[in-house]
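> Just passing along the structure, written as structure tokens.
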Amino acid sequence: MTLEQLPLIMLRALALTVIIEGIAAWIMGVRSRQEQTTVALANLLTNPIVVSTGAAVQFFISRSALLPITLVMEAAVVLIEGLIYKKHMKTDMNPFLLSCVCNLASYGIGEILNRFVF
């Protein structure tokens, strides 16, 4: 990855995250337009920070530091998105479970796509 490629990588990561997490949330029962919008907006808030921080770690620190930093960032994202879902969704499901499942789906599928497609 080069710095010139970063904007396209970030856009692709954001688009895939919104799509994958939207599908995962739908599978878990999040069907209303308002709640799906909440999922998308939460990702618009968190995804660019995670992707740009990950890129900065790769460029300026080391690739070996990427995994532990990614795990910490993803845990923070699960917490932040869970709090957003708790405040803005009227569903009976646990918002932190929803956040965890959605983020595991997008992270896992993203890793597979990055290794074998992109």
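The values are calculated or read from the model by the stated rules, or taken from the named source; none is laboratory data. Please read all numbers here as calculations on a predicted model, not as lab measurements. When we count neighbours, we look across all protein chains shown, and the Cβ atoms used for this are built from the backbone with ideal geometry, even at glycine.
> Could you go through the stretch 59-68 and let me know if any residue there is among the aromatic types (Phe, Trp, Tyr) and at pLDDT below 95. Give the derivation first.
As a first pass, look at the stretch 59-68 and keep what is among the aromatic types (Phe, Trp, Tyr): 59-60.
Add one more test, that the residue is at pLDDT below 95, and what stays is 59-60.
Yes - at least one qualifying residue is present in the stretch 59-68.
> Could you list all residues from the stretch 80-118 that are at pLDDT 95 or above, assigned to a helix (DSSP H, G or I) and of a type in the set (S, T, N, Q)?
Once the filter is applied, which keeps residues that are at pLDDT 95 or above, assigned to a helix (DSSP H, G or I) and of a type in the set (S, T, N, Q), the stretch 80-118 yields SER99, ASN103, SER106.
> Would you mention how many residues in the stretch 1-15 are in a helix (DSSP H, G or I) and touching a residue at least 12 places away in the same chain (Cβ under 8 Å)? Can you show your working first?
Applying the first criterion (in a helix (DSSP H, G or I)) to the stretch 1-15 yields 3-15.
Narrowing the set further to residues that are touching a residue at least 12 places away in the same chain (Cβ under 8 Å) leaves 3, 6, 9-10, 12-14.
The qualifying residues number 7.
> Have a look at VAL77, VAL18, VAL50, VAL30 and point out the one that is in contact (Cβ under 8 Å) with a residue 12 or more places away in the chain, surrounded by 18 or more Cβ atoms within 10 Å (Cβ to Cβ), of a type outside the set (Ser, Thr, Tyr) and part of a loop (DSSP other than H, G, I, E, B). Talk me through it step by step, then tell me what you get.
Details: VAL77 fails: part of a loop (DSSP other than H, G, I, E, B); VAL18 fails: part of a loop (DSSP other than H, G, I, E, B); VAL50 fails: part of a loop (DSSP other than H, G, I, E, B).
Going through VAL77, VAL18, VAL50, VAL30 in turn, just one is in contact (Cβ under 8 Å) with a residue 12 or more places away in the chain, surrounded by 18 or more Cβ atoms within 10 Å (Cβ to Cβ), of a type outside the set (Ser, Thr, Tyr) and part of a loop (DSSP other than H, G, I, E, B): VAL30.
> For MET93, all conditions in the list (1) under 16 Å from the mean Cα position of the chain (by Cα); (2) of a type outside the set (Phe, Trp, Tyr); (3) more than 22 Å from ILE9 (Cβ to Cβ) hold save one; what is the number of the exception?
(1)
> If you don't mind, there's one more thing I want to ask. Return the residues of the stretch 53-74 that are among the acidic types (Asp, Glu) and not in a helix (DSSP H, G or I); say none if nothing qualifies.
Kept after step one, since they are among the acidic types (Asp, Glu), are these residues of the stretch 53-74: 74.
The answer is none; no residue qualifies.
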